[in-house]
Amino acid sequence: MPSSQPLSQELAEMLPSSLAMFDAIAAPVFVQDASLRWVHVNAACCTFFRQPAAALMAQVNEGRLSSVAWAELAPAGEQVLRTRLPVEQEVTLIDPQGYCQTVIAHITPLHQANTAPFLVTTLKPISQSTAADQQQQQARLRQLNAELERQVEQRTQQLKQALEFEATLKRITDRVRDSLDETQILQTAVQEVSQALGAKGANTALYNLEEGTSTIYYEYNESLPSYQGRVAQMEAFPEVYHQLLDGQYFQFCSKEPNPVRGHVSMLACPILDDRGVLGDLWLINGSDYGFHEPEIRLVQQVANQCAIAIRQARLYQAAQSQVKELERLNQLKDDFLSTVSHELRTPVTSMRVALQLLGVTLNQEMNLNEELQKPLAERSRIARYYQVLREECEREISLINDLLDLQRLDGGNHPIHAQPIDVTTWLPGLINGFQERAQSRQQHLEFQVEAALPKLVSDCASLDRVFAELLNNACKYTPPGESITLAVSQAPAQQLCFQVTNGGVEIPADELPRIFDKFYRVPSADPWKQGGTGLGLALVQKLLWHMGGEIAVTSTAQETCFTVMLPVNMNHGPRG
Ligand code: ATP
Ligand code: MG
């Protein structure tokens, strides 16, 4: 028996003579039973599907082979079973290797009396291509393949270039944005873009729109003669500058050779942002070169980044000049204050001596000291005037002294003498001086000290001044009924921590950073009109700095706290 195995028993019994006939047919033939299961295939069918009969039938019957074609054939088969008339149908078969072929399926009923019918399907390929056709097709395929490969290669190149341009742009952007120096911004841009495009040269110019000039600011050249520093009058080249000032790029080739550069092609791109044109960026190449779309885009993007960076650099320069100007004015103010303080010190000190002598004389003549003890309304006029003069003179002297001290501290001329201080005896003495004042304002003044504090080595006079100023402020700005506390404790890194806390008053958060500035007083924060010059905390901060210490302030929930950190031994502190 030929390769058309296996044959169903029923068919074998029924069609013994037909089998030889099927196998003799050159076209592929398969036989299906009434339930459309394949029961026989001829040798040509096995060749057609490149499979042995058993494997082919198993695959079709188990639905593992190209379901589309069989699904198309099923209704045709059912029709033949119903009508007992043959049918022809075109179907596309896909074999297990994935090859397609369109064939005409000719389906014929095969039956004998009293038996279920069988279907015999013969497949006829629609066109048999000749060897010449196949060669032609293969040649065409090779051509298509080559074209496809060329396109893929081209796309890959484009993608590679796009990635390189992207990386160049990112590098330029990072570098120019980090810089606040106009020269460096332009140099970076010109060099990088010229190298990325492999151009013969590149340069950049900045415009002076008031004078109508364009000056070549920086140039990057491998072989071309230099144009750096050249100033062009814009009106002499209207065809160029009209477009650039309009924000438009353009490229062109020189028709006549340039006497210096010869024949070249050029791409000109304005450096502009939303506030206008700042200059231009030019790329130069060989005369037959045309800049492509991606290259033009890169140059435009680089020019835009330059514009942003230049604006930023100019803003920074303007801010720097303002800072310098303010510093200069501040210095002038300090010089003025210093001169005035020096000039005033001598006459005010003389006035103070004269007032003391006047006080002695008035005491002898009219018992001034007794007068001054009386309530204000009962005092004599002379005593009242004398008191005003004395108080105002003291205020003037204290202001002048503060200014001169600040000046000495700024100049590093403040004398500092380190000496051992026992905090537990030194501070209570200082606080006692404020007790009476606090009581008269119904404030509670407390001192809290941690046990076993180490001895402090610092400048006692400066520390007296620091804590007197802090306690003075606390008494000045604390409302009646509230508490003022001075607490001392040991802190890490060989430091002592002093905290002066007062309740019932809060400094607004946006004022906090300024209260250590010279002459700064928080607006409307002196409800009892006690006055002040705003120099106290500035002095405190500078004195502490000279002793290796520092001060910080917090103010929340109606409580203000000044924290002073001091090295236990100022000679071993950070600035010791
Ligand atoms: P001066 O000390 O020169 O006589 P002043 O007390 O106004 O004047 P600073 O001691 O420098 O100046 O204080 C600056 C400002 O900080 C004060 O005007 C005040 O508004 C605020 N301030 C200072 N200490 C306190 C405090 N303990 N509680 C609340 N506000 C304070
Ligand atoms: Mg003060």
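The values are calculated or read from the model by the stated rules, or taken from the named source; none is laboratory data. The structure presented is a predicted model; accordingly, all values stated were derived computationally and were not measured. Heads up, the Cβs are rebuilt from the backbone with ideal geometry, glycines too, and the neighbour counts pull from every protein chain shown.
Say whether the condition of being over 19 Å from Ala468 (Cα atoms), charged (D, E, K, R) and near ligand 1 (Cβ under 9 Å from one of its atoms) is met by at least one residue in segment 510-527. Yes: one or more hits. Counting only residues that are surrounded by fewer than 20 Cβ atoms within 10 Å (Cβ to Cβ) and within 16 Å of ligand 2 (Cβ to nearest atom), segment 454-466 holds 2 of them. Once segment 494-509 is narrowed to residues that are more than 16 Å from ligand 2 (Cβ to nearest atom) and among the hydrophobic types (A, V, I, L, M, F, W, C), the residue that is surrounded by the most Cβ atoms within 10 Å (Cβ to Cβ) is Phe498.
Within the bounds of segment 204-215, is there any residue that is among the acidic types (Asp, Glu) and in a helix (DSSP H, G or I)? Steps first, please.
Step one: list which residues in segment 204-215 are among the acidic types (Asp, Glu), which gives 210-211.
Checking the rest, the ones that are also in a helix (DSSP H, G or I) come to none.
No: zero hits.
Taking the condition touching a helix residue (DSSP H, G or I) at 6+ places or on another chain (Cβ under 9 Å) and either within 18 Å of Asp402 (Cα to Cα) or of a type in the set (Val, Ile, Thr) (or both), does Leu368 pass? The answer is no for Leu368.
Of the residues Ser223, Ser194, Ser179, only one is of a type in the set (Gly, Ala, Ser), without any contact (Cβ under 8 Å) to a residue 24 or more places away in the chain and out of contact with any Pro (no Cβ under 8 Å at 6 or more places or on another chain); which?
Details: Ser194 fails: without any contact (Cβ under 8 Å) to a residue 24 or more places away in the chain; Ser179 fails: without any contact (Cβ under 8 Å) to a residue 24 or more places away in the chain.
Among Ser223, Ser194, Ser179, only Ser223 is of a type in the set (Gly, Ala, Ser), without any contact (Cβ under 8 Å) to a residue 24 or more places away in the chain and out of contact with any Pro (no Cβ under 8 Å at 6 or more places or on another chain).
When Arg352, Arg328, Arg345 are screened for being loosely packed, with under 12 Cβ neighbours inside 10 Å, basic (Lys, Arg) and more than 30 Å from Thr204 (Cβ to Cβ), only Arg328 passes.
Considering Gln530, Gln494, Gln490, the condition of being at pLDDT below 95, in the same structural domain as Glu436 (by TED's automatic domain parsing) and over 23 Å from Ala418 (Cα atoms) is satisfied by Gln530 alone.
When the test is whether a residue is under 17 Å from Val540 (Cβ atoms), among the hydrophobic types (A, V, I, L, M, F, W, C) and either within 16 Å of ligand 1 (Cβ to nearest atom) or in contact with a Gly (Cβ under 7 Å, 6 or more places away or on another chain) (or both), Ala474 passes it.
Pick from Gln364, Gln322: which is surrounded by fewer than 13 Cβ atoms within 10 Å (Cβ to Cβ) and at pLDDT 95 or above?
One residue alone meets the criteria, Gln322.
Filtering segment 489-526 to residues that are touching a helix residue (DSSP H, G or I) at 6+ places or on another chain (Cβ under 6 Å) and touching a residue at least 24 places away in the same chain (Cβ under 8 Å) leaves Val500, Asn502, Val505, Ile515, Phe516, Lys518.
Right, Asp280: under 27 Å from Asp246 (Cα atoms), without any contact (Cβ under 8 Å) to a residue 40 or more places away in the chain and touching a helix residue (DSSP H, G or I) at 6+ places or on another chain (Cβ under 6 Å) or not? Can you show your working first?
Details: under 27 Å from Asp246 (Cα atoms): yes; without any contact (Cβ under 8 Å) to a residue 40 or more places away in the chain: no; touching a helix residue (DSSP H, G or I) at 6+ places or on another chain (Cβ under 6 Å): yes.
When the stated conditions are applied, Asp280 does not pass them.
For Ile284, the test of being part of a strand (DSSP E or B), crowded, with 18+ Cβ neighbours inside 10 Å and over 28 Å from the mean Cα position of the chain (by Cα) is passed. Please indicate, with yes or no, whether at least one residue in segment 385-408 is basic (Lys, Arg) and more than 30 Å from Ser458 (Cα to Cα). Among the residues of segment 385-408, at least one is basic (Lys, Arg) and more than 30 Å from Ser458 (Cα to Cα), which makes the answer yes. Any idea which of Ala232, Ala146, Ala196 is over 22 Å from Ile308 (Cα atoms) and in the same structural domain as Ile310 (by TED's automatic domain parsing)? Testing whether each residue is over 22 Å from Ile308 (Cα atoms) and in the same structural domain as Ile310 (by TED's automatic domain parsing) leaves just Ala232. Of the residues making up segment 471-485, those that are within 16 Å of ligand 2 (Cβ to nearest atom) and not charged (D, E, K, R) number 8.
Somewhere in segment 125-148, is a residue modelled with pLDDT of 90 or more and either over 21 Å from Ile25 (Cα atoms) or hydroxyl-bearing (Ser, Thr, Tyr) (or both)? Show your work before the answer.
Kept after step one, since they are modelled with pLDDT of 90 or more, are these residues of segment 125-148: none.
Looking through segment 125-148, none of the residues is modelled with pLDDT of 90 or more and either over 21 Å from Ile25 (Cα atoms) or hydroxyl-bearing (Ser, Thr, Tyr) (or both).
Could you check segment 532-547 and list, in sequence order, the residues that are near ligand 2 (Cβ under 10 Å from one of its atoms) and either closer than 19 Å to Val457 by Cα or free of Cβ contacts under 8 Å to residues at least 12 places away in the same chain (or both)? Spell out how you get there, then give the answer.
Narrowing segment 532-547 to residues near ligand 2 (Cβ under 10 Å from one of its atoms): 532-540.
Across segment 532-547, the qualifying residue is only Val540.
When every residue of segment 442-449 is checked against the conditions, none turns out to be assigned to a strand (DSSP E or B), within 16 Å of ligand 2 (Cβ to nearest atom) and farther than 17 Å from Asp526 by Cα.
Can Pro480 be described as more than 30 Å from Pro415 (Cβ to Cβ) and more than 11 Å from ligand 1 (Cβ to nearest atom)?
Judged against the criteria, Pro480 is a match.
Pairs linking a residue in segment 367-396 that is outside any helix (DSSP H, G or I) to a residue that is surrounded by 12 or more Cβ atoms within 10 Å (Cβ to Cβ), with Cβ atoms under 8 Å and 6 or more positions apart or on different chains, are Lys374/Ala383; Arg379/Glu371; Arg379/Leu372; Arg379/Gln387; Ser380/Met366; Ser380/Glu371.
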